[in-house]
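Some notes on the structure that comes next.
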Amino acid sequence: MVEKILLLTPPYHTEIIEITGKWPPSSLAYLAGEIRKANFEVEIYDIMTKDIGLEEIKGYIEEYSPDVVMIGAFTATINAAIDTLAKVKEVDNQIVTCLGGVHPTFCYDEVLNENQEAIDYIIRGEGEITARELVVALRDGADTSEVNGLAYYQDEEIIITPKRELIADLDSLDPAWDLFDWEEYYYKITESRLAVISSSRGCDHTCSFCSQHKFWEEKYRARSPENLVEEIKYLQQEFGVEMCMFGDEYPTKDRERWERILNLLIEKDLGMYFTMETRVSDIIRDKDILDKYREAGFVHIYVGIESTKEELLEQFNKEITTDESKEALRLLNDVGIITECSFILGDIKETKESIQHTVELALEYNPDLAHFLLLTPWPYADIYDEVADYVVEEDYSKYHLVHPIIEPNDMSRDELLEEVYNCFKTFYMQKMKDYLQMEDSFKKKYMMRSIKILLEDSFLTEKLGVANMSKMMKMMNL
Ligand code: B12
Ligand code: SF4
C-alpha cells in the first residue's frame, strides 16, 4: 500500500551563497501541497538545512519508513541526490525512489543508465502534477506509462512518457508551507525568519549560460498580485516570516503586474524585507517607481550583469549593454537598495590581464556586493557546445561556480582560481572603505554583517589567509 511520501533535499554544501542563512526548499512545499490533495501522508525532511550525512539519513528512513521517497537536483547536487536514493534503497529496496529537477529533466538518459538500481522514476519538468499522478498510479496499481512527464527503466530500456503540459494557472497551487519547521530558516544578515517564494515561473530571454528559460520552456507564467500578497501575509501571520526571497527567474517582467504587487505591499504595510534577482533593463524601465520598490520592502536586489565586456554579453545573448548595467546599479544605489551582481570569469579567451581589468571595472560599476564566478556550462545549456572542447572537469559536484570547469587557452585552472580569489580580495578591500563611510545606518549595518560572514564563514575564509583576515576584520572593527 502506498501511503507515506517523503520529500528530501540532497546533502550538498558549497559555503558560497548558503553561508548567509538557511533557505527553505520551496519546490518541496509546492510538490507536497499537490500530493496532499490526493490524501497521502507527506513529510519534508530538509537534509541540506539539517546539515546531516548519509548515515543519519539512513537512520531517519528506517524510522519514518516511507513508501515513496522523492528528491530534487540541479547539476551540482545530482551526485548527492543519487547517493541519497541509493542509501534509501539500501534501507529497503521496496521503497519507490523518484528524482526531479533541472538536471535529471535534461540528462535523464545518462542519469538512469548509470543508476538503475537507485532510481525508479525521473520526474521531468514542472513537478507538481506529475508527482501527484505518479503516486496515485502507484497506490492504485495503475500503469505508470499513462503518467505524462516520466522517464524510467523497464525491461532494459528507458521509457519516456509524453511531455507534461505546464500548469495553466499558478494561483491554483497550494504550497504546504505548514510542513516546514520554520524555526530552522533564517537570513543571517538581518537576523530574520526567511521564506523563499515564487511569484512567477520562467523567462522569455535566452542567455546561453542559463538553464532556467529552457526548463520552463521559454514561457512566462505569473501569479496574480492579490494571490501572491495574500500568501506573503499568511506566511508572516502563521509562521512569523520576516523576510522573503523571490525565487523567480524574472519577477518584474510585466510592469503593470509588478507595480500592483508593490502597491499592495505598500498598502498592507507588513514591515517585511524582500530580496530578488531581476534584469538590468527592468530596473531602468522602472526608474520612476524605484522608490516604491524600497518602500514596499525591497532592501536588496541582485541584478544580472554577468560581464563588463560587450563581446561576452553578446556571446551570452544577455541582451544588455555595459552602459545599461552601470545605469541600473546607479539607480538602485540612489534609492538606497543594496545591490549585488556577479561577473562571469574564465571564458576561453580569458587572461590574467583581462581578469584584472574586470575587477577594476567591477569597482567602477560600484555594486555593494560582487561575486566573481567561473563560467560553468551545464551540459544542457546552449553554451555547452561552444565550449565543450575546453571542459576539463566532469565531476558534477564541482559545478558550483567557483571551481574551474573549463580551461581557457592562455591560463591554467590553478591560475584561474588564484585570480578569482584575487578579485574577491581586491574588490572587498576597496569596498570596506565605502561601507565604513555609509550614512544610511540600515545599509551600513547590512554591509558590515555581510562582510563579517564572508570573512568568517565562506569558501574565501581559508583562501584569504589569517594575516589578511585579521587586517580586514581590524579595519572594519569587527
Ligand atoms: C532559492 C535558491 C537557492 C537557495 C536554496 C533553496 C533550497 N533550499 O532549495 C540557496 C540560496 C541556498 C541556493 C544555493 C545554491 N544554488 Co540555488 N537557486 C535558488 C533559486 C533562486 C530558486 C529556487 C526555487 O525555489 N525555485 C522555485 C521552485 C518552485 O522551482 P524549482 O526549484 O525549479 O522546482 C520545480 C522544478 O524544478 C521541479 N523540481 C524541483 N525539485 C524537485 C524535486 C522533486 C522530487 C520533483 C519531483 C520535482 C522537482 O518541480 C518544482 C515545481 O514545479 C534558483 C533559481 C530559480 N529561479 O529557480 C537557484 C538555482 C537552483 N541555484 C543554483 C545554484 C548553482 C546554486 C549553488 C550551487 C550556488 C552556489 N555557488 O553556491 C548553491 C547550492 C547550494 C546547495 N547546497 O544546494 C542554480 C542551478 C543551476 C543548474 N542548472 O544546475 C539555479 C537554477 C540558479 C542559476 N544560477 O541558474 N539556491
Ligand atoms: S539568466 Fe536570467 S534573463 Fe537570462 S535566460 Fe536566465 S533567467 Fe532569463
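Observations on the model:
- Net length available on complete extension from residue 471 to residue 219 is 85.8 nm, with 0.36 nm assigned per residue and the Cα-Cα distance removed.
- Rounded if a/c under 1.5, otherwise prolate or oblate - segment 4-160, Cα gyration tensor axes: rounded
- Judged by the mean number of other Cβ atoms found within 10 Å, the most tightly packed of the peptides 66-77, 160-171, 276-287 leads the ranking 66-77, 276-287, 160-171.
- Distance from the alpha carbon centroid of segment 150-187 to that of segment 97-132 works out to 11 angstrom.
- Contact order normalised by residue count of the chain, Cα under 8 Å, 6+ apart, percent: 12 percent
- Simple label model, 7 Å out from Cα along Cβ direction - residue 361 to residue 55, nm: 5.0 nm
- A Förster radius of 41 Å combined with the Cβ-Cβ distance from residue 414 to residue 439 puts the calculated FRET efficiency at roughly 0.45.
- Residue-wise HN-Hα coupling along segment 190-206, computed from phi with Karplus coefficients 6.51, -1.76, 1.60 (Hz; x: Gly, Pro): 9, 6, 10, 6, 10, 10, 10, 10, 9, 9, 7, 10, x, 7, 9, 9, 9
- Equivalent-ellipsoid semi-axes for segment 185-476 (Cα gyration tensor, √(5λ), whole Å, largest first): 31, 25, 18.
- For segment 4-160: relative contact order, % (alpha-carbon pairs under 8 angstrom, 6 or more apart): 22 percent
- Nearest-20 debye value, segment 185-476 charge dipole, Cβ charges on Lys, Arg, Asp, Glu: 1260 debye
- Residues listed by number, segment 75-94, amide nitrogen under 20 Å from residue 62 label point at 7 Å toward C-beta: 83-94
- Amide H contacts under 5 Å for residue 192, placed H, 5+ residues apart: 187
- Residue ranges 396-404, 107-115 sort as 396-404, 107-115 when ordered by packing (mean number of other C-beta atoms within 10 Å per residue, highest first).
- Spatially, segment 217-241 and segment 383-446 are offset by 33 Å when compared through their Cα centroids.
- Partnerless cysteines, meaning none of the other Cys C-beta atoms lie under 4.7 Å away, in the chain: 98, 107, 203, 244, 341, 423
- Considering only 144, 211, 189, and ranking their Cα positions along the charge dipole of segment 130-215 that arises from unit charges at the beta-carbon of Lys, Arg, Asp and Glu, the one farthest toward the positive end is 189.
Every number in this text was worked out from the coordinates using simple rules, so none of it is lab data. What you are looking at is a predicted structure, and each value in this text was computed from that prediction instead of being measured. So basically every Cβ, Gly included, is an ideal-geometry build from the backbone, and we count neighbours across all protein chains shown.
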